Structure formats: C-alpha cells, structure tokens
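Visitor: Quick one: structure below, then a few questions.
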Amino acid sequence: KDHPNVATLVNNIGMVLKALGDLQGAKEYYERALRIDEKTYGTEHPNVAIRVNNIGGVLLALGDLQGAKEYLERALRIFEIHLGKDHPNVATLVNNIGMVLKDLGDLQGAKEYYERALRIDEKTYGTEHPDVAIDVSNIGGVLLALGDLQGAKEYYERALRIFEKFLGPDHPNTQIARKNLQICIDEINRSNS
C-alpha cells in the first residue's frame, strides 16, 4: 500500500476524479499519494512537489484560495531547489500562484508573478511561443483589472498574434485571446465616451 508505484497510480486516479468533477475525491487521492511519497522520499523531493502541486490545484478548484496558495508555494520552493529558478516547470507554478493571488485580490502580487513566469518562458522558448502567449495574456488580464486599459490591450494583442501564428484562428486559446482583446477594446471605448 505504500510503494511509490502505488502513489503514482493513486495520483492518476485523483487526476481522473478531478476531470470527472469529483474534487473532494481527487483531493483525497492526491493526499494519499503525497503521504506515500513523503514517507518514501522525504518532504523535499520533486515527486512530492508534483503531489503538493496537484493538491494546490484541486484546492483552487474547490475555492480554497489560501490553501491553494500555501500548497503551490511549497511546490514552488521544492522545484526551485531541484530544477533551478528558471526552469519551465517553475514558470508554470509561478503562473499558478499568480492566478491565486489575482483571485485573492492581490493584483500587484499577481502581476509580479505573471511577469516572472513570462521572463522564464521567454528565456526558455523565445518570445513567440504559446506558453509565452499564456503568460502575456495573464498579464493583460491583471492590467485590465488594475485599470491599465492601454497596457492590457497591448498584451492581449501580443497574445493573440502568437496564438494565431502557432495555433491558428480557430483554436480555443486563440478565440479566448480574441474575446479578451475585444472586451478590453470595448472598455477603452466606454471610457473614452
């Protein structure tokens, strides 16, 4: 019951339960996988970080923003130790913490995390990659929430250009970017009238 391969399978069942919408069940499976991996590897192992991240994600989906933040920050610390501060997996966690901070109303904190994720992803992938576009779009969203409409528009335009180039005009990410840009333009037009 406590073998690391069992932890992997238990974690995978958690992923399926989350996809099915059984968030509480997913959380229980993720927590079981975490207990096994902590017993096997200790508290600071990359496998532990994966389990901790999964719990953070399900807590976010359950609306436990503070709990999600704590778990995601723990996963980030472990990944930074093992992968370095500029690894793409670190950027993903940094981005996720930015989302939580935005939901908690800490817009400036969210912006700083999104900007860090962008720096890492640009360094890793270059300036024209879909992962970069996600970061850029997130910055656009926080700028919009902060009332920087022109800044938001510029970021949304950049995200749309990247998504159209790499994913095509009909991809869901492209459509979301187009919608976000239109919302921003509409807001600019309202503020100018």
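Visitor: Restricting attention to the range 141-152, and to residues there that are in contact (Cβ under 8 Å) with a residue 40 or more places away in the chain and crowded, with 17+ Cβ neighbours inside 10 Å, which single residue is farthest from Leu101 (Cα to Cα)?
Guide: The qualifying residue farthest from Leu101 (Cα to Cα) is Leu149.
Visitor: Which is at pLDDT 95 or above, farther than 28 Å from Asp64 by Cβ and of a type in the set (A, V, I, L, M), of Ala177, Ala145, Ala110?
Guide: Numbers: Ala145 fails: farther than 28 Å from Asp64 by Cβ; Ala110 fails: farther than 28 Å from Asp64 by Cβ.
Matching residue, one of Ala177, Ala145, Ala110: Ala177.
Visitor: Right, another one. Would you be able to tell me the number of residues in the range 103-133 that are closer than 26 Å to Asn189 by Cβ, under 14 Å from the mean Cα position of the chain (by Cα) and free of Cβ contacts under 8 Å to residues at least 40 places away in the same chain?
Guide: 3
Visitor: Additional query: Which one is most open to solvent (accessible area, probe 1.4 Å), of the residues in the range 1-58 that are of a type in the set (Gly, Ala, Ser) and within 18 Å of the chain's Cα centre (by Cα)?
Guide: Going through the qualifying residues, I end up with Ala19.
Visitor: Can you report the number of residues in the range 59-80 which are open to solvent by 60 Å² or more (accessible area, probe 1.4 Å) and either closer than 13 Å to Thr8 by Cα or not hydroxyl-bearing (Ser, Thr, Tyr) (or both)?
Guide: 5
Visitor: Still on this model: Being touching a residue at least 12 places away in the same chain (Cβ under 8 Å) and open to solvent by less than 70 Å² (accessible area, probe 1.4 Å) is the filter here, so list the residues in the range 156-173 that pass it.
Guide: Tyr156, Glu157, Arg158, Ala159, Leu160, Ile162, Phe163, Leu167, Asn173
Visitor: Looking at (1) farther than 26 Å from Pro4 by Cβ; (2) open to solvent by 60 Å² or more (accessible area, probe 1.4 Å); (3) under 12 Å from the mean Cα position of the chain (by Cα); (4) touching a residue at least 24 places away in the same chain (Cβ under 8 Å), which one does Val94 not meet, given that it meets all the others?
Guide: The single condition Val94 does not satisfy is (2).
Visitor: Just for the range 110-140: of the residues that are open to solvent by 10 Å² or more (accessible area, probe 1.4 Å) and of a type in the set (Gly, Ala, Ser), which one is farthest from Arg161 (Cα to Cα)?
Guide: Gly126
The values are calculated or read from the model by the stated rules, or taken from the named source; none is laboratory data. Here the structure is a predicted model, which means the values were calculated and not measured. With ideal geometry, Cβ positions are generated from the backbone for all residues, glycine too; neighbour counts draw on all protein chains shown. SASA here: full protein model, heavy atoms, side chains in, ligands and nucleic acids out. Shrake-Rupley method; radii C 1.70, N 1.55, O 1.52, S 1.80 Å.
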